[in-house]
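Presented below is the structure to which this report refers.
The values are calculated or read from the model by the stated rules, or taken from the named source; none is laboratory data. Treat the numbers as computed from the prediction; the structure is a model and nothing was measured. Here the Cβ is made from the backbone with ideal geometry for all residues, glycine too, and neighbour counts use every protein chain on show.
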Amino acid sequence: MNYGIPYKGSKSKIANKILNALPSGDVFVDLFAGGCAITHAAILSGKYNKFIVNDIQGMFPKYFHDLITGRAPKERRVISKEQFDKYKHIDPYVSICWSFGNNCKDYLWGENIYKQKILACKIIMAETQYERRIFYRKFIQSLQSLQSLQSLQSLESLQSLQSLERLERLESLERFKNIKISSLSYDKVDIPDDSVIYCDPPYINTNKYNDGGFDHDRFYDWLRNIGRVVYVSEYTMPSDFIPILSISKNCNYSASLNAKKTVENLYVHESHIESIKKNTLF
């Protein structure tokens with residue numbers, strides 16, 4: 001199952017393994033929610049009653065919330081590169097469904113196949129048979145060579161449509177209301193008692209979010225001093241943080257055709273190890 005909205009760096013594929021390692025509680029707090037994959041899995045797990053979903057880039061958690069509460073409009077817009085460049089920072093549908101690898105930065109297709117794939121999308125999303133026939137004629141006319149036809153592969157492989165289908169499936173959670181959305185710095189979120197706190201920060205020594213401004217040392221100090229158990233997903237952390245779960249996975253963003261194997265860990269600070277040893281997963 002896919003969790004959350006399509007998002008570069010999403011934990012969708014390993015969400016269940018992470019949730020199985022976390023204890024139950026009244027409130028689940030996701031401080032770096034991103035595309036909300038872990039929040040989505042936590043909602044479906046039945047382990048929590050309320051949810052605090054925070055990300056300093058609040059556009060995506062809000063969109064997730066709008067989708068699961070039925071507030072987001074039914075989308076059938078086909079987005080050009082010009083529209084993408086104009087709206088990618090303010091429109092989550094544009095940013096997610098029409099970016100390469102859901103990276104929210106680069107347009108989905110290169111210039112060599114751009115016009116053909118736009119027309120292919122318009123054929124599929126057309127609301128009437130008349131519109132569909134018009135777009136089909138234009139599509140056929142645009143195929144000027146066998147090479148361009150081969151580059152299209154099949155219409156089923158259009159990433160924008162796959163992303164749209166995934167967004168539409170989130171509407172099954174429409175009746176779930178106990179979610180609070182915020183766009184604060186992680187250390188400014190008001191965290192209630194009996195909360196399970198999870199963090200998926202920008203990873204050190206990676207360009208995961210092309211952020212460049214995240215202060216990892218400050219984050220580590222906050223974890224040491226908060227006085228509560230905080231579960232952190234990372235590849236590596238300072239020696240006073242202990243991995244309680246390790247997950248081997250393929251990196252989807254390797255430049256080569258061969259997928260890169262990585263090991264992702266779930267850490268807690270050493271001062272809390274004794275308090276979680278009751279957990280059979282440790």
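Among the numbered conditions (1) under 21 Å from LYS277 (Cα atoms); (2) in contact with a Lys or Arg (Cβ under 7 Å, 6 or more places away or on another chain); (3) not in a helix (DSSP H, G or I), the only one that PHE28 does not meet is (2).
All conditions but one from (1) assigned by TED's automatic domain parsing to the domain that holds GLU264; (2) in contact with a Leu (Cβ under 7 Å, 6 or more places away or on another chain); (3) part of a loop (DSSP other than H, G, I, E, B) apply to ILE18; the one that does not is (3).
Picking from residues in segment 55-73 that are assigned to a loop (DSSP other than H, G, I, E, B) and free of Cβ contacts under 8 Å to residues at least 40 places away in the same chain, the one that is surrounded by the most Cβ atoms within 10 Å (Cβ to Cβ) is ARG71.
All conditions but one from (1) touching a Phe, Trp or Tyr at 6+ places or on another chain (Cβ under 7 Å); (2) touching a residue at least 60 places away in the same chain (Cβ under 8 Å); (3) outside the structural domain of TYR231 (by TED's automatic domain parsing) apply to ASN2; the one that does not is (1). Looking across segment 79-103, just one residue is hydrophobic (A, V, I, L, M, F, W, C), surrounded by fewer than 19 Cβ atoms within 10 Å (Cβ to Cβ) and in a loop (DSSP other than H, G, I, E, B), and that is ILE90. Say whether the condition of being closer than 18 Å to LYS11 by Cβ, in contact with a His (Cβ under 9 Å, 6 or more places away or on another chain) and part of a loop (DSSP other than H, G, I, E, B) is met by at least one residue in segment 35-54. Yes - at least one qualifying residue is present in segment 35-54.
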